[in-house]
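Contents: one structure, followed by commentary.
The values are calculated or read from the model by the stated rules, or taken from the named source; none is laboratory data. A quick note: this is a predicted structure, and the numbers were derived from the prediction, not measured. Heads up, the Cβs are rebuilt from the backbone with ideal geometry, glycines too, and the neighbour counts pull from every protein chain shown.
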Amino acid sequence: MKHEPALFKNGFKFMFITFEGIEGSGKTTQMEHTRRYLEACGKPCVTTREPGDTRIGRQIRKILLDPENRDLAPEAELFLYAADRAQHIRERIRPALEAGHAVISDRFSDATTVYQGHARGLDLSMIRDIHTQVLEGLTPDITFLFDLDPVVGLERAWAAIDGGKRPTGESRFEQETLAFHEKVRKGYLILAEEYPERIVIIDASVSEALVFEQIRSTLERRFSLVHSI
Ligand code: TMP
């Protein structure tokens with residue numbers, strides 16, 4: 001099945017939403033608010049994440065995020081993300097969309113373009129070719145890009161690790177330099193310029209309530225949602 005971005009007025013068909021941004025930008029908290037909001041609008045919803053939302057993906061996630069794996073070659077990193085994504089689409093995303101659920105994914109293909117492409121410096125056309133094979137035409141209907149100064153994001157991310165909310169064993173990217181994270185932020189903003197219809201920039205520096213307000217109003221406008229909360 002090829003996924004066509006759907007028309008959503010009155011009885012939307014597919015709804016595939018992705019959340020992207022630097023570490024510590026607050027995506028995960030907002031995904032939960034968004035899930036609750038969509039369900040209050042009568043749309044059953046599945047939340048998922050990359051890497052690591054399938055049994056096989058969890059094994060791949062361990063390799064990718066383990067700070068001991070400093071010697072992981074950029075190309076190997078790229079293919080591991082692609083492998084996780086292939087499994088994720090096959091096992092989780094497509095079945096949920098076909099069953100009529102909205103799917104909200106914490107990261108998807110844009111993360112590869114930005115982290116492995118813009119930040120690690122791998123060839124963007126090679127990444128596009130891999131995505132042609134792996135995505136089988138699946139494109140998010142909307143992507144929320146959480147934009148934030150990496151100094152603030154990294155501070156928040158390390159507070160989560162130090163406070164035990166995120167395992168130290170998953171800190172390989174947090175341990176990258178500030179310059180790396182600046183490239184990630186810039187890469188995302190370049191993508192947002194490239195796909196202005198799909199990628200919505202969210203100011204992630206404001207309060208949790210104000211961040212969600214930006215998401216809610218966008219969803220309401222785009223998908224003509226009516227909610228009961
Ligand atoms: P997270 O679970 O906190 O989002 O961590 C996943 C990390 O993996 C994050 O630092 C971004 C990175 N990543 C990539 O480098 N490429 C990708 O394609 C994806 C999905 C994530």
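Step by step: first the residues of region 145-200, then only those that are of a type in the set (Ser, Thr, Tyr) and in contact with a helix residue (DSSP H, G or I) (Cβ under 9 Å, 6 or more places away or on another chain), then the one that is surrounded by the most Cβ atoms within 10 Å (Cβ to Cβ). Which residue is that? Reasoning before the result, please.
At the first step, the residues of region 145-200 found to be of a type in the set (Ser, Thr, Tyr) are 168, 171, 177, 188, 195.
With in contact with a helix residue (DSSP H, G or I) (Cβ under 9 Å, 6 or more places away or on another chain) added as a condition, the list becomes 168, 171, 188, 195.
Details: THR168: 11, SER171: 18, TYR188: 27, TYR195: 13.
By that ranking, first place goes to TYR188.
Pairing residues of region 20-46 that are at positive phi and touching a residue at least 60 places away in the same chain (Cβ under 8 Å) with residues that are within 16 Å of the ligand (Cβ to nearest atom) and in a loop (DSSP other than H, G, I, E, B), at Cβ distances under 8 Å and at least 6 apart in sequence or on separate chains, gives GLY21/LEU148; GLY21/ALA204; GLY24/LEU148; GLY26/LEU148; GLY26/ALA204.
Tell me which residues, restricted to region 138-151, are under 16 Å from TYR195 (Cα atoms) and assigned to a loop (DSSP other than H, G, I, E, B).
Our first condition is that a residue be under 16 Å from TYR195 (Cα atoms); within region 138-151, this holds for 138-147.
LEU138, THR139, PRO140, ASP141, listed by residue number.
If the condition is being within 16 Å of the ligand (Cβ to nearest atom), assigned to a strand (DSSP E or B) and not charged (D, E, K, R), then region 29-63 contributes THR47, THR48. Cβ-Cβ distances below 6 Å connect the following pairs, each with a first residue in region 95-108 that is closer than 16 Å to LYS43 by Cα, a second residue that is more than 9 Å from the ligand (Cβ to nearest atom) and among the aromatic types (Phe, Trp, Tyr), and a separation of six or more residues or different chains: LEU97/PHE14; VAL103/PHE16.
Which condition number does CYS41 fail, the rest of (1) over 21 Å from SER109 (Cα atoms); (2) at pLDDT 95 or above being met? Of the numbered conditions (1) over 21 Å from SER109 (Cα atoms); (2) at pLDDT 95 or above, the odd one out for CYS41 is (2).
Among the residues of region 120-135, those that are in a loop (DSSP other than H, G, I, E, B) and in contact with a helix residue (DSSP H, G or I) (Cβ under 7 Å, 6 or more places away or on another chain) comprise ARG120, LEU122.
Hey, can you tell me all the residues within region 95-119 that are assigned to a loop (DSSP other than H, G, I, E, B) and more than 8 Å from the ligand (Cβ to nearest atom)? Those that are assigned to a loop (DSSP other than H, G, I, E, B) and more than 8 Å from the ligand (Cβ to nearest atom): ALA99, GLY100, HIS101. All but one of (1) among the charged types (D, E, K, R); (2) within 16 Å of the ligand (Cβ to nearest atom); (3) closer than 26 Å to GLY153 by Cα hold for ARG92; state the number of the condition that does not hold. Here ARG92 clears every test but (3). Looking at this structure, is ASP123 at pLDDT 95 or above and farther than 27 Å from ALA40 by Cβ? So ASP123 fits the description; yes.
Only residues that are touching a Leu at 6+ places or on another chain (Cβ under 8 Å) and more than 15 Å from the ligand (Cβ to nearest atom) were counted in region 129-186, giving 3. Of all residues in region 157-183, those that are closer than 17 Å to ASP71 by Cβ have Cβ atoms under 7 Å from Cβ atoms of residues that are within 14 Å of the ligand (Cβ to nearest atom) and of a type in the set (S, T, N, Q), 6 or more apart or on another chain, in ARG172/ASN69.
Per this entry, GLU197 is counted among residues that are over 26 Å from ASN69 (Cβ atoms), part of a loop (DSSP other than H, G, I, E, B) and of a type in the set (Asp, Glu).
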